[in-house]
1. Which one is modelled with the lowest pLDDT, of the residues in the range 8-43 that are more than 21 Å from the chain's Cα centre (by Cα) and within 24 Å of Q137 (Cβ to Cβ)?
2. Tell me which residues, restricted to the range 359-401, are in contact with a Pro (Cβ under 7 Å, 6 or more places away or on another chain) and surrounded by 19 or more Cβ atoms within 10 Å (Cβ to Cβ).
3. Spot the failing condition for L44; the list is (1) assigned to a helix (DSSP H, G or I); (2) farther than 26 Å from M324 by Cβ; (3) of a type outside the set (F, W, Y), and only one is missed.
4. For residues that are under 19 Å from S255 (Cβ atoms) and of a type in the set (S, T, Y), tally how many sit in the range 337-351.
5. All but one of (1) in a helix (DSSP H, G or I); (2) of a type in the set (A, V, I, L, M, F, W, C); (3) farther than 23 Å from V368 by Cβ hold for L230; state the number of the condition that does not hold.
6. Taking only the range 353-392 into account, find how many residues are in a loop (DSSP other than H, G, I, E, B) and among the aliphatic types (A, V, I, L, M).
7. Please specify each residue of the range 79-110 satisfying the condition of being of a type outside the set (K, R), in contact (Cβ under 8 Å) with a residue 40 or more places away in the chain and assigned to a helix (DSSP H, G or I).
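The values are calculated or read from the model by the stated rules, or taken from the named source; none is laboratory data. As the structure is a prediction and not an experimental result, all values here were calculated from the model. Counting neighbours? That spans all protein chains shown, and the Cβs are built from the backbone with ideal geometry, glycine included.
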Amino acid sequence: MNSSSLSRLINIGLRAMTLGSKFLLIFFLARFLAPAELGLYGLLAATIGYALYLLGLDFYTYTTREMLKRSRNDWGALLKNQGALTLILYVLFLPPLLFLFVLGLLPWYLASWFLFILILEHLNQELMRLLIAASEQLAASFVLFLRSGAWVIIAIAVMYLDPVQRNLTTVLSAWALGGVAGFIYAAVKISSMRIGSWGRQVDWSWIKMGVCVALPLLVATLAIRGLFTLDRYWLESLAGLDVLGAYVLYMGLASAMVAFLDAGVFAFIYPALITSYNQADHCGYKRNLKKLLLQTVILSIGFSIGALALLEPLLDWLNKPLYMEHRELFSWGLLAMFLYAIGMVPHYALYAQQQDRPIIHSHLLSLVVFTLSTWLFSQMWASQAVPMGLCVAFFTILVWKLAACFILTPEPFRLTKP
């Protein structure tokens, strides 16, 4: 086995271990933590995940494209520009985020953990993207494993061996430790890359241009990601932290469907979809789109059947009546994720055709639909209203993107011609 094949195998292994660790985390947190603590962890994790977009603005999409046009001797100037923007975003958004604690949406004792982990996650995310742009995929996967996989294994082991450590502080400590380890490794790796031009002045006009490019798609991203943050806060207000803990468990399990599809289907097929469209390869485009559709449907159905079959043994293992009492949340969550997964097929078809507008419109509309439908459902079914609202929102996205594909796709690229 040559070094290239070995590196690819290690890369896949690291990604698989990271994904597996994140999947196992939700099981063991449900076993070791009280439902209210699990609910609180879900709130904190969702808020950090959403805040990352505010601190980054998805500006990396612009920086990466510009870096790949130039030699590494010029990269330092671009990274310095992005760093200047990052400092401004920190000043703009970190203080307002503290109002989550001022308003009592999150408890004050988590504030320091929130800020520390949020900054670590953001820095690690940007450093990972830089490593990928530099074709250091193996190093990027190792950073991902440190920040998202290794600490999970440590946390589970500590809580398993010492019942006294079965609390949220242990989980957050391990998370922070993983973030620090990932940051140190990434910083050392990047410092050895001999990137030049750090001494140039910050180019504010370049930054302004990049913000204008990144902002439209960011708005759509914030809308769709907002569903996965607002849902937890809304459910907590409707039914309390204990029920939110059950929701976090069940949505964590259901969301694994999309995580597996991302790693095993989407990441492999959508680049080929884009290439075939750009090369006007009609047959190749349709072949890749059919493959994307078929694999997404089969794996989504297979995952759903398997998850429903394993639910009963899982609940017996957890041995917590609250989760059994609210098991209907899993069915709604699974349906929501199934609709979301199927909706990614027309999403990637539109993305390959550079049809960003219907994607943006559907995501903005979904936030409105989710808000209205959840409010209506909450008048009758308080604990189930949120996942039911997600189902309606993701169905709306699916229909909107399918209609856009039918209308906007050039005739030679359509799967079925009229």
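1. R8
2. W400, K401
3. Against the list (1) assigned to a helix (DSSP H, G or I); (2) farther than 26 Å from M324 by Cβ; (3) of a type outside the set (F, W, Y), L44 comes up short only on (2).
4. Here the count works out to 2.
5. (3)
6. 2
7. L79, N81, Q82, A84, L85, T86, F93, L97, L100, L110 - these are the residues of the range 79-110 that are of a type outside the set (K, R), in contact (Cβ under 8 Å) with a residue 40 or more places away in the chain and assigned to a helix (DSSP H, G or I).
Yes/no matrix, rows are residues, columns are (1) among the β-branched types (V, I, T); (2) surrounded by fewer than 15 Cβ atoms within 10 Å (Cβ to Cβ); (3) within 21 Å of G196 (Cα to Cα):
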{"residue": "R72", "(1), (2), (3)": "no, yes, yes"}
{"residue": "A77", "(1), (2), (3)": "no, no, yes"}
{"residue": "L92", "(1), (2), (3)": "no, yes, no"}
{"residue": "L97", "(1), (2), (3)": "no, no, no"}
{"residue": "V102", "(1), (2), (3)": "yes, yes, no"}
{"residue": "S135", "(1), (2), (3)": "no, yes, yes"}
